[in-house]
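See structure below.
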Amino acid sequence: MGRFSGKTVLITGAASGIGRASAQAFAAEGASLYLCDINGEGLQAVADTLPGQVKTRVLDVTSSADCRAAVDEAVTEFGQLDVLCNIAGIAKTHHFHDTTDEQWDQLLAVNLSSVMYLSRAAIPHLLKQKGNIVNMASIAGLMGQAYTSGYCASKAAVVMLSKSIALEYAKQGLRCNAICPGGVQTELVQKFSAPEDVNFELMARYMPLTEMAEAEDVANAVLFLASQDARHINGVALPLDSGVSAG
Ligand SMILES: NC(=O)c1ccc[n+]([C@@H]2O[C@H](COP(=O)([O-])OP(=O)(O)OC[C@H]3O[C@@H](n4cnc5c(N)ncnc54)[C@H](O)[C@@H]3O)[C@@H](O)[C@H]2O)c1
């Protein structure tokens, strides 16, 4: 038994990092899980370790049609959808003037359009359950950072998309919140690379004031916002950055 017994949760980005930690935490609290990621092998490895009802789908979240099909399959499989967690994301670092159309389009497609596609498909089902959406934005959605213009733009848009959805459906009992982590120890950060000639001082604004967070720290916030404990919390962009964005 747990806060999510009898609830169905769809999570993107579930093969790694924050998505994986969230899947593990939801499973431990009794949720039935519909886990999606573009990395099918990683997804299966996560699913194999989880208790309870778990269904996986290899999904490229940049496909509108496939996002809708994923939501439809989750509802067919479990009969309902209570929580949507949009966690899949990518980060790229470029000099702004060197950014190609392909790099820009890919960042916005994975980090922003996916949130629109999945939320649009899920909301009719979430409304039936008075459910909610948790979107993974970033401190980059609250503060600018050099050399990550596309990432910052995508995450700021996720913050505003979340607030807009929150207001539009509040009276119907649906909530939508965003989380804005600072540095979190995941593959995304381990793979982080910047052009050799960047000025790292300009990137230092995001540096954690204490140690970096773990994926489980973010998962705890995901579960809180998704739970009834947060039933009066709607439209927030919750910093999870040990205070970096407070200044
Ligand atoms: N790690 C950090 O410091 C940090 C900070 C702030 C925000 N975030 C955000 O948290 C989220 C999760 O990141 P993470 O740190 O766990 O990274 P991660 O790289 O460990 O996990 C990201 C997951 O998204 C999946 N993914 C990427 N492109 C996809 C696509 N097109 N379709 C489906 N799945 C796709 C990857 O396969 C991976 O499993 C991202 O949205 C990221 O922007 C991370």
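Please order 143, 207, 1 by the number of other Cβ within 10 Å, starting at the fewest. Display every interim value, and only then the final one.
Values: 143 18, 207 11, 1 7.
In increasing order of surrounding Cβ atoms, one gets 1, 207, 143.
Quick query: amide H of residue 54 versus all other amide H atoms, modeled in the peptide plane; which residues come in under 5 Å with a sequence gap of 5 or more or a different chain?
Amide H neighbours of residue 54: 33.
Please sort by residue number the GluC sites (Glu not before Pro) in segment 141-247 whose DSSP state is loop and whose Cβ has at most 12 other Cβ atoms within 10 Å.
Details: sites: 168, 187, 196, 201, 211, 214, 216; in loops: 196, 211.
Listed in order of number, the matching sites are 196, 211.
Which whole-Hz couplings ³J(HN,Hα) result when phi for each residue of segment 63-78 is put into the Karplus expression 6.51 cos²θ - 1.76 cosθ + 1.60, θ = phi - 60°, listed in order with x for Gly and Pro?
Whole-Hz 3J(HN,Hα) from phi for segment 63-78: 9, 4, 5, 6, 5, 5, 5, 5, 4, 4, 5, 4, 5, 5, 5, 10.
Around residue 139, what is the net charge, scoring Lys/Arg as +1 and Asp/Glu as -1 over all other residues with Cβ under 12 Å from its Cβ? Before the final figure, lay out the partial values.
Working: positive: 155, 205; negative: 241.
Summing Lys/Arg as +1 and Asp/Glu as -1 gives +1.
First obtain the Kirkwood hydrodynamic radius of the chain from its Cα pairs, then insert it into the Stokes-Einstein equation at 4 °C and 1.567 mPa s, and state the resulting D in µm² per second as a whole number.
Working: Rh = 18.0 Å.
Approximately 72 µm²/s, per Stokes-Einstein.
Beyond 16 Å, how much of the Cα-Cα pair distribution for segment 1-128 remains, as a whole percent? Don't skip to the answer; put the middle values down first.
Working: 4904 of 8128 pairs.
Value for segment 1-128: 60 percent of Cα pairs lie more than 16 Å apart.
I want to verify a result. In a Gaussian network model of the chain, Cα cutoff 10 Å, which of these has the top mean-square fluctuation: 218, 75, 189?
189
Could you give the angle, 0 to 90 degrees to the nearest 10, between helix 17-28's Cα long axis and the longest principal axis of the Cα atoms of the chain?
20 degrees
Using a Gaussian network model of the chain whose springs link C-alpha atoms within less than 10 Å, name the residue from 146, 226, 166 with the highest mean-square fluctuation.
146
What is the Cα coordinate range of segment 170-247 on the first, second and third principal axes, sorted by size from largest, in whole angstrom?
The Cα atoms of segment 170-247 stretch 51, 23, 22 Å along their principal axes.
Report the paramagnetic label zone for residue 220: residues of segment 161-194 whose backbone N is under 18 Å from a point 7 Å from Cα along the Cα-to-Cβ axis.
179-186
Laboratory data are not the source of any read-out in this text; all were calculated from the coordinates shown. Here the structure is a predicted model, which means the values were calculated and not measured. Cβ: placed from backbone, ideal geometry, glycine included. Neighbour counts: every protein chain shown.
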